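The values are calculated or read from the model by the stated rules, or taken from the named source; none is laboratory data. If you're wondering where the values come from, they're calculated on a predicted model, not measured in any experiment. With ideal geometry, Cβ positions are generated from the backbone for all residues, glycine too; neighbour counts draw on all protein chains shown. Please note that ligands, DNA and RNA were not included when accessible areas were found on the heavy atoms of the full protein model with its side chains. Shrake-Rupley method; radii C 1.70, N 1.55, O 1.52, S 1.80 Å.
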Amino acid sequence: MKKLLTILLLTFLFLSCKNDKKSELEFYAENQTSFFDLRNGDWTKNSWIRKPENLKMVHESFKKFGYEKLENLIFKSDNEFLIQGIYIKRNFENLIDSLELTYNKPERQTKYYAEFWNRRKAEKNDSIVYEIIREFNSMKSDKKQLNYENQSVNDTLVDLLQIEFDIDNLNSKKAELNFYILKKYGLNQSAYNLLYERAEYSEFELDREKLKKELIKTTEFEQPWLIDNEK
């Protein structure tokens with residue numbers, strides 16, 4: 001009986017601690033952008049990114065921001081690369097070159113490239129995929145930033161890329177400006193993460209408690225665009 005009481009007591013204490021911890025957590029409202037699944041979705045199952053107009057928008061936005069600033073998103077070795085959790089056992093540069101050379105040229109296509117382009121044609125996005133690959137290859141050879149088409153650029157996406165990846169000249173003033181940009185877009189959980197959960201922002205002097213009070217709270221956690229990178 002004494003042993004049973006001890007177990008019940010420990011269980012009660014554990015549950016009490018768990019509930020206390022949960023009550024201390026704070027969640028903040030996070031709008032979902034049209035391109036939200038680029039960060040939080042499975043690219044292999046993402047129907048949004050397969051639409052030609054969306055591929056065009058992302059490409060033009062990446063060009064405006066600068067593809068060269070996004071190179072760290074691709075982890076490459078000699079004969080394989082990893083991007084957004086997708087592993088491909090091929091040399092990245094050779095693959096991109098070969099995709100350009102084999103478009104609409106069945107006589108040059110091995111099984112891999114024939115299947116790739118047949119999938120793109122079935123999705124009706126082959127022409128924009130080819131345009132993106134061709135421009136990407138031209139950027140590699142010329143080492144120049146590509147001109148972008150303003151009408152296709154999503155300025156929200158460009159702003160978010162700048163907040164996350166354009167950090168070479170980051171300082172306290174810019175950090176606070178980035179906080180307010182996230183708040184303007186309704187990305188409150190992202191703004192909270194900027195204050196407390198991002199390594200590159202942690203060293204700057206900000207009135208974090210004051211800024212946090214400006215954020216909109218919610219009762220449930222919502223996946224943010226700007227993720228926690230300190231865990």
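So the values come out like this:
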| quantity | calculated |
| --- | --- |
| Candidate set: the range 118-131, residues that are touching a Leu at 6+ places or on another chain (Cβ under 8 Å) and buried (at least 18 other Cβ atoms within 10 Å of the Cβ); chosen: the one nearest to ASP97 (Cα to Cα) | VAL129 |
| Selection from the range 45-80 of residues that are open to solvent by 80 Å² or more (accessible area, probe 1.4 Å), more than 16 Å from ILE133 (Cα to Cα) and either touching a Phe, Trp or Tyr at 6+ places or on another chain (Cβ under 9 Å) or assigned to a helix (DSSP H, G or I) (or both) | LYS45, LYS69, ASN72, PHE75, LYS76 |
| Exclusive hit being at negative phi, in contact with a helix residue (DSSP H, G or I) (Cβ under 6 Å, 6 or more places away or on another chain) and modelled with pLDDT under 95, set ILE167, ILE216 | ILE167 |
| Yes/no for TYR67 being among the aromatic types (Phe, Trp, Tyr) and at pLDDT 90 or above | no |
| Lone qualifier among ASN94, ASN104 - being assigned to a loop (DSSP other than H, G, I, E, B) and out of contact with any His (no Cβ under 7 Å at 6 or more places or on another chain) | ASN104 |
| Test: residue in the range 152-164 that is surrounded by 13 or more Cβ atoms within 10 Å (Cβ to Cβ) and over 30 Å from ARG208 (Cα atoms) | yes |
| Residues (open to solvent by 40 Å² or more (accessible area, probe 1.4 Å), touching an Asp or Glu at 6+ places or on another chain (Cβ under 9 Å), in a loop (DSSP other than H, G, I, E, B) and free of Cβ contacts under 8 Å to residues at least 60 places away in the same chain) located in the range 165-195 | ILE167 |
| Considering residues of the range 82-94 that are free of Cβ contacts under 8 Å to residues at least 12 places away in the same chain and within 22 Å of HIS59 (Cα to Cα) only, the residue most open to solvent (accessible area, probe 1.4 Å) | TYR87 |
| Single condition ARG198 does not satisfy, out of (1) basic (Lys, Arg); (2) surrounded by fewer than 17 Cβ atoms within 10 Å (Cβ to Cβ); (3) within 20 Å of LEU25 (Cβ to Cβ) | (2) |
